[in-house]
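In what follows, a single structure is set out as structure tokens and then discussed.
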Number of protein chains: 2
Amino acid sequence: MKGFRDRVVIAGVGYTKFGELWDKSQEDLLVEAVYEALDDAGVEPKEIQAGWCGIQYEFTGLSGGTPAEFLKMYGIPFTRVENFCASGMDAFRNACLGVASGVYDMVLACGMEKLMDQGSRGLPDMGGARSVMMQYPPAPGMFALAATRSFEVYGWNKETLANVAVKNHEHGSHHPKAHFRKAIKKEEVLKAPIICWPLGRFDCCAMSDGSAALIITTPERAKSLKHKHDYVKVLANAISVHTMVPWFHPKYDFIGFPSTQQAGRLAYAQAGIKNPVEEIDFVECHDCFTITELLNIQDLGLCKQGDAGKLVEEGYFSYGGKLPVNVSGGLKCFGHPIGATGCRMLVELTKQLQGRADGLQVKDAKIGLAHNLGGAFTVASVTILGRNDV
Amino acid sequence: MKGFRDRVVIAGVGYTKFGELWDKSQEDLLVEAVYEALDDAGVEPKEIQAGWCGIQYEFTGLSGGTPAEFLKMYGIPFTRVENFCASGMDAFRNACLGVASGVYDMVLACGMEKLMDQGSRGLPDMGGARSVMMQYPPAPGMFALAATRSFEVYGWNKETLANVAVKNHEHGSHHPKAHFRKAIKKEEVLKAPIICWPLGRFDCCAMSDGSAALIITTPERAKSLKHKHDYVKVLANAISVHTMVPWFHPKYDFIGFPSTQQAGRLAYAQAGIKNPVEEIDFVECHDCFTITELLNIQDLGLCKQGDAGKLVEEGYFSYGGKLPVNVSGGLKCFGHPIGATGCRMLVELTKQLQGRADGLQVKDAKIGLAHNLGGAFTVASVTILGRNDV
């Protein structure tokens, strides 16, 4: 079995501003992101042979008809991919498979979500009947369990969490497309209203609207496109799906996510990465909650178990530190329009690797990693992208 | 660009009975179909490297977590594919891309839907807010428009439609897994209550529960499995997505489906088929309504425009006729558990090509075609499978 390395590359990227986009429809968002990506690649809409679109909620869109209709790209295959918070990155993965298969050589991966119009103060319920197996609490309730266990096991506290929020908001304050562009103080985080103890308002990412898109092709075709000298390589992509009800597992300890651990291992193996801390230059890590980032950092092998809290405090994962995490501002500053997030992270990675980041540019970035975690810690996706010369 | 031919094969298949399965849950259905397919292939669950599951409605299941949880296949990637009535066949397509890419060499394509528990007398509404673009009438209302136009243009009438129902119910009466296993008389069809004129009760397929699954691998690996001598080749697979609101197109004539026409053309080109009538031995064609089968037959180039009605009446598309269509009984007899249907058709094709059909066996079947049409005539998928020796 082989990965994508040297077979699949990113030829162009685009994304909308993320935020409360009351004046834009789903159509507006997808069109803006995709046509920006097409323009960035120097590819005509009619050259696209297939598309995959990450959408979580059916009020955002249904089936392949949604992207086909919005983009006026009729006649080709379009697939809606829904995989919890990894929907966007799974759309990307399937698009990469399409190119690696040799069936297509110019495809679109995109994602979007329009959450604000729903009038909900948190993620709307999925609706419909469910089996006993599928009952689960809202996201803050689930991740609060991970936080309280981490407090107990690692000695972390609300300040440990607050440091993540302060770091990511400092980063995001520089990013023109972020939902929240204001640095915040630790005291503000600590004093914020509690959503689900110990997670306060600044420990949680926000509801948001947005869309992001990538044009994916072969290295051969990329050489005749706009980014012929700086197209970006897909070094690895792995998804791992675990149980939807971890709390029913007697051995589950809530201080790590098996899906992230496994997706990380698989991705490192595919990319030939032995020492992620030394080989990876920056990371976009799923920070739907501050605790999520801390645990995922550890699960991805970016530090020892229990060290993430201290290292965040020391600036190790800050811009300018040893291994910057969420230099874009992360979900904390962008919000989390579910279907869009994975694709947005990959847009950030691509632009960083091309030396044209929006917001803070990581110096001499050669390899970047993006990570999503979705469901009840159920599905994790890890993508590793590399500069043309790695 | 190349297709799947000689790179992707079907190693095993399984499916549940379709029907009102009040005593079975989604879990039961998926487990039954998938483990039957694994057993048929002679493959252990742990050998599966990735899976794609077609599910339309979120009350049936969400994300990759649903199949992973139900099947207890943790750690690997699972993707939920939702693409209207083509969801199952699109799951199959993505699984084929996975194998053709060389990233995997043993994967699962499956589909399921549990519609009966919803208490609805037709397909449940998708729920959620929609844009103006996404408003559409229920399925019988849409296909009735095609029927009335066909009456006008081709001179068809309710008897023309009834012949399709009689044919398919005669076929399905022989199939042990069909929802409806009773032959019906033309008079019954004509006298049945009207759902949406001219479509009466027997012109519409039923609500149903069911699941189907396929194990997909490379020809190389298939040679060491149970069906080493009669694994089935994927000769072509194409999906074409068109507008979700055809009635807004001034030139749309309602006597054919551009998505079916295009998917057919693409699939024939991939499979190297020049004369489908001569080269294809049998067809599973989307017959959500009797009118749908007639128009799709024409769109697939299986007869001249306007001839389908007459040819059905003459037995040309019946078992024993020149080109049998829906020898399984089709959606008319199986009902249409959306996510399952495309996979079920491919199970039928596989077993026919292996000479072990449930129900009526087409004599010396070498090449079979399966077709879905979904949404507002929006998405069409066509898969062509071939016997080992073609």
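The values are calculated or read from the model by the stated rules, or taken from the named source; none is laboratory data. Predicted model only: the values in this text are computed from it and were never measured. Positions of Cβ are backbone-derived with ideal geometry, glycine not excepted, and every protein chain shown enters the neighbour counts.
A compact table of results
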{"read-out": "Which numbered condition A:Val34 fails, given (1) over 27 Å from A:Cys285 (Cα atoms); (2) buried (at least 24 other Cβ atoms within 10 Å of the Cβ)", "value": "(1)"}
{"read-out": "Single residue of B:Lys366, B:Lys351 found to be away from every other protein chain (no Cβ under 14 Å), farther than 22 Å from B:Gly301 by Cα and in contact with a strand residue (DSSP E or B) (Cβ under 9 Å, 6 or more places away or on another chain)", "value": "B:Lys351"}
{"read-out": "Test result for A:Lys46, surrounded by fewer than 20 Cβ atoms within 10 Å (Cβ to Cβ), without any contact (Cβ under 8 Å) to a residue 40 or more places away in the chain and in a loop (DSSP other than H, G, I, E, B)", "value": "no"}
{"read-out": "The one condition in (1) within 7 Å of chain A (Cβ to nearest Cβ); (2) outside any helix (DSSP H, G or I) that B:Gly51 fails to fulfil", "value": "(1)"}
{"read-out": "The stretch A:6-20, subset within 14 Å of chain B (Cβ to nearest Cβ) and crowded, with 18+ Cβ neighbours inside 10 Å, residue farthest from the chain's Cα centre (by Cα)", "value": "A:Arg7"}
{"read-out": "Pick from the stretch B:230-255, criterion in a strand (DSSP E or B) and not hydrophobic (A, V, I, L, M, F, W, C), ranking: farthest from the other protein chains (Cβ to nearest Cβ)", "value": "B:Lys233"}
{"read-out": "Unmet requirement for A:Gly119, which otherwise passes all of (1) in contact with a Leu (Cβ under 9 Å, 6 or more places away or on another chain); (2) modelled with pLDDT under 95", "value": "(1)"}
{"read-out": "Output for the stretch A:73-87, where each listed residue is closer than 29 Å to B:Pro258 by Cβ and either in contact with a strand residue (DSSP E or B) (Cβ under 6 Å, 6 or more places away or on another chain) or among the hydroxyl-bearing types (Ser, Thr, Tyr) (or both)", "value": "A:Tyr74, A:Gly75, A:Ile76, A:Pro77, A:Phe78, A:Thr79, A:Arg80, A:Val81, A:Glu82, A:Ser87"}
{"read-out": "Residue under evaluation A:Leu29, criteria (1) buried (at least 24 other Cβ atoms within 10 Å of the Cβ); (2) closer than 20 Å to A:Leu385 by Cα; (3) more than 9 Å from chain B (Cβ to nearest Cβ), criterion not met", "value": "(2)"}
{"read-out": "Within the stretch A:369-381, considering residues that are small (Gly, Ala, Ser) and assigned to a loop (DSSP other than H, G, I, E, B), the one nearest to the other protein chains (Cβ to nearest Cβ)", "value": "A:Gly375"}
{"read-out": "Hits in the stretch A:313-342 - residues which are closer than 20 Å to A:Val34 by Cα and in a helix (DSSP H, G or I)", "value": "A:Phe334, A:Ile338, A:Gly339, A:Ala340, A:Thr341, A:Gly342"}
{"read-out": "Scan of the stretch A:64-99 for residues that are modelled with pLDDT under 95 and polar (S, T, N, Q), ordered by number", "value": "A:Thr66"}
{"read-out": "All positions within the stretch B:281-320 that are free of Cβ contacts under 8 Å to residues at least 40 places away in the same chain and acidic (Asp, Glu)", "value": "B:Asp307, B:Glu314"}
{"read-out": "Looking only at the stretch A:124-147, and only at residues there that are at pLDDT 85 or above and touching a helix residue (DSSP H, G or I) at 6+ places or on another chain (Cβ under 9 Å), the one that is farthest from the other protein chains (Cβ to nearest Cβ)", "value": "A:Ala147"}
{"read-out": "Whichever residue in the stretch B:77-112 is among the β-branched types (Val, Ile, Thr) and at the interface with chain A (Cβ under 7 Å from one of its Cβ atoms) and, among such residues, is surrounded by the most Cβ atoms within 10 Å (Cβ to Cβ)", "value": "B:Val81"}
{"read-out": "Residue match in the stretch A:322-333 (condition: of a type in the set (Lys, Arg) and under 16 Å from A:Val166 (Cβ atoms))", "value": "yes"}
{"read-out": "Candidates B:Lys182, B:Lys226, B:Lys186, B:Lys158 - the one that is at negative phi, surrounded by fewer than 23 Cβ atoms within 10 Å (Cβ to Cβ) and free of Cβ contacts under 8 Å to residues at least 24 places away in the same chain", "value": "B:Lys182"}
{"read-out": "Count - residues of the stretch B:196-229 that are assigned to a loop (DSSP other than H, G, I, E, B) and farther than 20 Å from B:Ala33 by Cα", "value": "9"}
